[in-house]
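Inspection log for the structure reproduced underneath, given as structure tokens.
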Amino acid sequence: MVSIRHFFGKTGDGVWSVDEDGLIVYWNQAAVDLLGYSPEEAVAQHCWELLAGRSPQGAPYCAPQCPVRQAIKHDRPISSIDVQLRHRNGHYIHANMSTIPLPVELDELDESILVHLLRSRDKSGRINQSFRVHLLGPLVVLRQDGSQVRGPLWNRVKTRALMAYLTMQKGTAVSREQILEMLWPDLEYKAAMHNLNTTVYNLRRSLEPDLEKASRSRYLLYQNGCYRLAEASAYWLDIDAFESGIRQARQEMDMETAVKKYKAALSLYRGDYLYDLTDTHNWVRDQQFRLQAIYITALAELADLYHSLELYEEAIDVYQLILSVDCCQEESCRKLMALFTHLGKRGEAIQVCQRLTQCLADELDILMSDKTRALYEKIKSSC
């Protein structure tokens, strides 16, 4: 029986195959080169979750019942398509993809197989990304050439706030009225409109300093009373890469590989979401709380991995990082106390509990839980 590897192992196209459930069962070296994922990272993943395919216009394409599977189901020809697929680093590549339904008798597996062949649309394999946008921490925007958006107009809070707000819409048009409500909720309409027009001008000039006329911006578009960022669905966003990296780390079965994936994803968290805008824009806060919770949970998962690998000092460092973000995390405090005690550092364990007591009183006006108190008393009695 002939295998997929025999047919496609040496082709220059990126090749991966999926079974009836959409799980990847083969991933060749050219796919590694194009998309960044190793075979170990790709195999046994659902293709639509790993690659999050989109049309060239940014509309969702990959799904459990994608157009390719629908064509096969209804016995229609499968045409090659242009598609955007998510690279391991979080950006999207622009490529052309063909699909071959592979007869069962040609493969060594007892199930139907779809083979996808991928070829890059440009030399680098990437779609032309106008910007890389960092929202974790203060807003940072990098142009395609690597230069950072700067300048006095960019330094104005409302300019950055408008960029951040429109970026999060990922190309969806937003009405002027909605922007006015988000950025100038307390101003009368005429004054708010004046501010909006000024801020739009400032943002266009910041993104494209060489524009002859700001109204000719390629990126900040206006139509029918609405604004949107052109090609925003193709921007690299640190939030997308961060959340995707955490998901991949959680799915990793090998603990040492999982640690590497957690560290790579967590390194994108430069600080709380748009913390330079928090004091002036309430709409930032919900997203900020959500992402901080993901960050803290992922740190705790990384610390648990270190503990399981008996890398106790590394685990201690991570628990201390968690408490530097949120000093009221009782579970992390207990685990840190237990680690210090295990290493014979009971004094440090007691200090952790004392800091927790003070933090709970100052921040939440509550006492520590019975579980934490019991651990504290146990450690204290053994000194």
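The values are calculated or read from the model by the stated rules, or taken from the named source; none is laboratory data. None of these values were measured; they are calculated from a predicted model. Backbone-built Cβ (ideal geometry, glycine too); neighbour counts: all protein chains shown.
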Quiz prompt | Flag if Ala349 is surrounded by fewer than 19 Cβ atoms within 10 Å (Cβ to Cβ), part of a helix (DSSP H, G or I) and aliphatic (A, V, I, L, M) | solution = no
Exercise. Write out, first by first residue and then by second, each pair whose Cβ atoms fall under 8 Å of each other, whose residues are 6+ apart or on separate chains, and whose first residue, in the stretch 64-85, is in the same structural domain as Leu35 (by TED's automatic domain parsing) and within 17 Å of Val18 (Cβ to Cβ) while the second is part of a loop (DSSP other than H, G, I, E, B) and of a type in the set (S, T, N, Q).
Key: Val83/Ser55
Quiz prompt | Lone unmet requirement of (1) crowded, with 17+ Cβ neighbours inside 10 Å; (2) among the small types (Gly, Ala, Ser); (3) within 22 Å of Gln178 (Cα to Cα) for Ser215 | solution = (1)
Exercise. Output the residues belonging to the stretch 41-88 that are exposed (fewer than 15 other Cβ atoms within 10 Å of the Cβ) and touching a Cys at 6+ places or on another chain (Cβ under 6 Å).
Key: none
Quiz item: Checking Asn28 against (1) more than 20 Å from Arg250 (Cα to Cα); (2) touching a residue at least 24 places away in the same chain (Cβ under 8 Å), which single condition isn't satisfied?
Solution: (2)
Self-check item: Failed item in (1) surrounded by 14 or more Cβ atoms within 10 Å (Cβ to Cβ); (2) under 29 Å from Ser55 (Cβ atoms), with Ser206 passing the rest
Solution: (2)
Practice problem: Could you grab the pairs with beta carbons closer than 9 Å, sequence gap of 6+ or different chains, first residue in the stretch 184-199 and modelled with pLDDT under 95, second one among the small types (Gly, Ala, Ser)? | Solution: Trp184/Ala191; Trp184/Ala192; Pro185/Ala192; Asp186/Ala192
Quiz prompt | Residue, nearest to Val133 (Cα to Cα), within the stretch 143-191, restricted to residues that are among the aromatic types (Phe, Trp, Tyr) and buried (at least 18 other Cβ atoms within 10 Å of the Cβ) | solution = Tyr165
Quiz prompt | Checking Val140 against (1) buried (at least 18 other Cβ atoms within 10 Å of the Cβ); (2) closer than 26 Å to Gln292 by Cα, the condition it does not meet | solution = (1)
Quiz item: Hey, among the residues in the stretch 321-346 that are assigned to a helix (DSSP H, G or I) and more than 34 Å from the chain's Cα centre (by Cα), which one's surrounded by the most Cβ atoms within 10 Å (Cβ to Cβ)?
Solution: Thr341
Self-check item: Total residues in the stretch 144-183, condition part of a strand (DSSP E or B), in contact (Cβ under 8 Å) with a residue 24 or more places away in the chain and out of contact with any Gly (no Cβ under 7 Å at 6 or more places or on another chain)
Solution: 1
Self-check item: One residue from Glu314, Glu310, Glu301 being over 22 Å from Arg247 (Cα atoms) and modelled with pLDDT of 95 or more
Solution: Glu310
